[in-house]
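What follows is a short report on a single structure.
The values are calculated or read from the model by the stated rules, or taken from the named source; none is laboratory data. Predicted model only: the values in this text are computed from it and were never measured. No Cβ is skipped: glycine too gets one built from the backbone with ideal geometry, and neighbour counts run over all protein chains shown.
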Amino acid sequence: MFEWTLTSALFAAIVGGGVGFLSGLFGVGGGFLLVPVLNAVLGVPMSIAVGSTACYTIGPATVALLSRKPKAGFIELPLILSGGLFAGVWLGTRTVANLSAAKTIDIGGHSMPALDLMVLLSYAVLMSAISATSLLDALKPTPSGGVRRRGLLTSVQLRPMAKIPDLRPGIYSIPLLAWTGMMVGFLSGFLGMSGGLVLIPAAIYLLGLRVHDATTVTIVIVWIVSIQSTTMHAWNGNVQRSLVVALLVCGTIGAAIGSQVAVKLKSSQLKLGFGLLVLVSALIVFAKLALLWSNSSN
């Protein structure tokens, strides 16, 4: 059972500062790291960890957004996604509520918490795939003069199309963007992550954006989806204010520092660092899953 003490508050503040720095550095909300750490290390119930992390993300995302000062195009693309984001967030929060009501799942004679198991398994699959993709791409030799990705979705001309001159490539299918937003919104509502874990590689490999442009667009989306997700989780009683405040003590400062560091790094360095970060997070998730399995009744 989770007990809120001075020690846990100090630990949450330190973790919030570190995750805030990573949020500003890589353009991700940090939920993919915070949720497993809060649940595995502090023993925060999964529903509270998910909801409070979504609320915390608003702080670092706001600071990172103000630090980047995005152009109009970097805001226009996230606004196109916003409808799908909202629908996805609603579906994700309803899934959390349904799994919480289900209590446990029996697997091979082991009775395991339904919500904890499904959230951690989802994190494990996502993190393993994204970490492998990012690390392989970062370690690949870059041809002289660089390489320009077209993006898998930019070749699909599903109308209506949106023209955004500030981004390259600048023409995107609005229906495809809406469905992408719905997927990201579901991950935010269900996993407590703001979607940056998926959005960074999606913006690079599916939309063909440059790494620095992808991180800026992602920060805007993270900010929008965090507000939507926080509203939904607060409505369901999954936000613990004292935990959110403790996380925010150092989180916003860390985000400002991370944003300043990011602009000085090369794209290859950002991709390598992002891949290693996700790999470490995946190891934490697998360790928690192993612990759940060993502690479950036979």
task: Working only within region 83-126, note down all residues that are over 20 Å from THR53 (Cα atoms) and among the small types (Gly, Ala, Ser).
output: GLY83, GLY84, ALA101, ALA102, GLY108, GLY109, SER111
statement: Going through region 62-81 in order, the residues found to be closer than 16 Å to ALA203 by Cβ and either touching a Gly at 6+ places or on another chain (Cβ under 9 Å) or hydroxyl-bearing (Ser, Thr, Tyr) (or both) are ALA64, ARG68, GLY73, PRO78, ILE80, LEU81
- line: When region 257-277 is checked residue by residue, the ones that are in contact with a Pro (Cβ under 9 Å, 6 or more places away or on another chain) and at pLDDT 80 or above are GLY258
- request: Starting from region 38-50, keep only residues that are farther than 11 Å from LEU115 by Cβ, then list their pairs with residues that are of a type in the set (Phe, Trp, Tyr) and assigned to a loop (DSSP other than H, G, I, E, B) whose Cβ atoms are within a distance under 6 Å, requiring at least 6 positions of separation or different chains.
  value: GLY43/PHE2; VAL44/PHE2
- prompt: If the Cβ limit is 9 Å and pairs must be 6+ apart or interchain, which residue in region 273-294 that is over 17 Å from LEU139 (Cβ atoms) and of a type in the set (Phe, Trp, Tyr) pairs with which residue that is surrounded by 14 or more Cβ atoms within 10 Å (Cβ to Cβ) and at pLDDT below 80?
  reply: TRP293/HIS110
- line: Counted residues in region 196-210 being in contact with a Phe, Trp or Tyr (Cβ under 8 Å, 6 or more places away or on another chain), modelled with pLDDT of 70 or more and closer than 13 Å to LYS271 by Cα come to 1
Residue satisfying all of: in region 82-101; of a type in the set (A, V, I, L, M, F, W, C) and surrounded by fewer than 24 Cβ atoms within 10 Å (Cβ to Cβ); farthest from GLN260 (Cα to Cα) among these: ALA101
- prompt: In region 10-81, which helices (runs of 4 or more DSSP H) lie fully inside it and hold 3 or more residues that are surrounded by 23 or more Cβ atoms within 10 Å (Cβ to Cβ) and in contact with an Asp or Glu (Cβ under 6 Å, 6 or more places away or on another chain)?
  reply: none
field: Which numbered condition MET112 fails, given (1) out of contact with any strand residue (DSSP E or B) (no Cβ under 8 Å at 6 or more places or on another chain); (2) hydrophobic (A, V, I, L, M, F, W, C); (3) farther than 20 Å from LEU247 by Cβ
entry: (1)
field: In region 195-236, the residues that are in a helix (DSSP H, G or I) and farther than 30 Å from ALA138 by Cα
entry: ILE227, GLN228, SER229, THR230, THR231, MET232, HIS233, ALA234, TRP235
- request: Please verify whether region 254-267 includes one or more residues that are among the β-branched types (Val, Ile, Thr) and part of a helix (DSSP H, G or I).
  value: yes
message: Please go through (1) buried (at least 17 other Cβ atoms within 10 Å of the Cβ); (2) assigned to a helix (DSSP H, G or I) for VAL239 and return the number of the only condition it doesn't satisfy.
response: (2)
query: When only residues in region 89-125 that are within 27 Å of THR180 (Cβ to Cβ) and of a type outside the set (A, V, I, L, M) count, which is nearest to the chain's Cα centre (by Cα)?
result: TYR123
